[in-house]
Amino acid sequence: MSRFSRKAEIRRPRKVIRIYTEGVKTEPNYFNSIKNELRLSEIDIKVNGRGDHTLPLVQWVIERKNEERISDNFETEWWVVFDRDDHSDFNHCIELAEANGINAAYSNECFELWFILHFEFLQTSLGREKFESKLTKLLGKKYGKNDSDIYDLIKHGEVNAIHNAKNLKKIHDGAGVQSPIKRDPSTLVYKLVENLRSLRGGREISR
């Protein structure tokens, strides 16, 4: 084996991660920023903003997972990122994803909750229409879903956001609230973020 073929073999990805999101701008911008910062050439990470409603999104990802048939030589993770919004099938979507080996990084009520938790702990349901105005105040600039620099504006508070999200989970668990649709506010986005960080020897994914 030549030194060139050895080099090519070393550069082959050792892990595959697929992230599919409900939104086409906000979530992809955020996760692609983390991906670009990590610079993990040995990890094949792809982020895809589908623009679908929750149930069609989950169903599409299941089909995609079955069709892609990634080699067993690679450790593979599938993630789907979506909001509760007003979807009555929210719980069903989570159960459907998990039953098919897909991790559900959901937010109740919306993804912007994850951003707010970078700045402060929020235990009271706001209502979707108030999240953007609250973020505008916290950021000190007009928040827009197309903001390509959102990650740079909030990344200093990531440890705080993870702590706050885990605290929300602990509160709901302690109150015996098991149904995801009733755990408002809550977000499991921190699990995906921690998992990505762990690829460089950082925090491990939380169960």
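Summary table
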{"quantity": "Single residue of LYS166, LYS170, LYS155 found to be among the basic types (Lys, Arg), surrounded by fewer than 19 Cβ atoms within 10 Å (Cβ to Cβ), over 27 Å from ARG18 (Cβ atoms) and modelled with pLDDT of 95 or more", "calculated": "LYS170"}
{"quantity": "GLY51 of a type in the set (Gly, Ala, Ser), buried (at least 19 other Cβ atoms within 10 Å of the Cβ) and either part of a helix (DSSP H, G or I) or under 17 Å from the mean Cα position of the chain (by Cα) (or both)", "calculated": "no"}
{"quantity": "PHE131, sole failed condition from (1) farther than 22 Å from ASN36 by Cβ; (2) surrounded by fewer than 17 Cβ atoms within 10 Å (Cβ to Cβ)", "calculated": "(2)"}
{"quantity": "Complete set of residues in region 136-172 that are closer than 13 Å to SER33 by Cα and either polar (S, T, N, Q) or not in a helix (DSSP H, G or I) (or both)", "calculated": "ASP147, SER148, ASP149"}
{"quantity": "Where a residue in region 166-194 is closer than 25 Å to GLU27 by Cβ and its partner, wherever it lies, is modelled with pLDDT of 95 or more and β-branched (Val, Ile, Thr), with Cβ under 6 Å and at least six apart", "calculated": "PRO180/ILE94; ARG183/VAL177; TYR190/ILE162"}
{"quantity": "Number of the exception - ASN29 against (1) surrounded by 17 or more Cβ atoms within 10 Å (Cβ to Cβ); (2) modelled with pLDDT under 95", "calculated": "(2)"}
{"quantity": "Test: residue in region 106-118 that is over 15 Å from GLU27 (Cα atoms) and surrounded by fewer than 13 Cβ atoms within 10 Å (Cβ to Cβ)", "calculated": "no"}
{"quantity": "Unique residue being more than 23 Å from HIS92 (Cα to Cα) and among the charged types (D, E, K, R) when the list is LYS137, LYS182", "calculated": "LYS137"}
{"quantity": "Residue count, region 94-138 (criterion: touching a residue at least 60 places away in the same chain (Cβ under 8 Å) and of a type in the set (A, V, I, L, M, F, W, C))", "calculated": "8"}
{"quantity": "Selection within region 54-96 - acidic (Asp, Glu) and not in a loop (DSSP other than H, G, I, E, B)", "calculated": "GLU63, GLU67, GLU68, GLU75, GLU77, ASP83, GLU95"}
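The values are calculated or read from the model by the stated rules, or taken from the named source; none is laboratory data. No experiment lies behind these values; they were computed from the predicted model shown. Ideal geometry is used to build each Cβ from the backbone, glycine not excepted, and the neighbour counts take in all protein chains shown.
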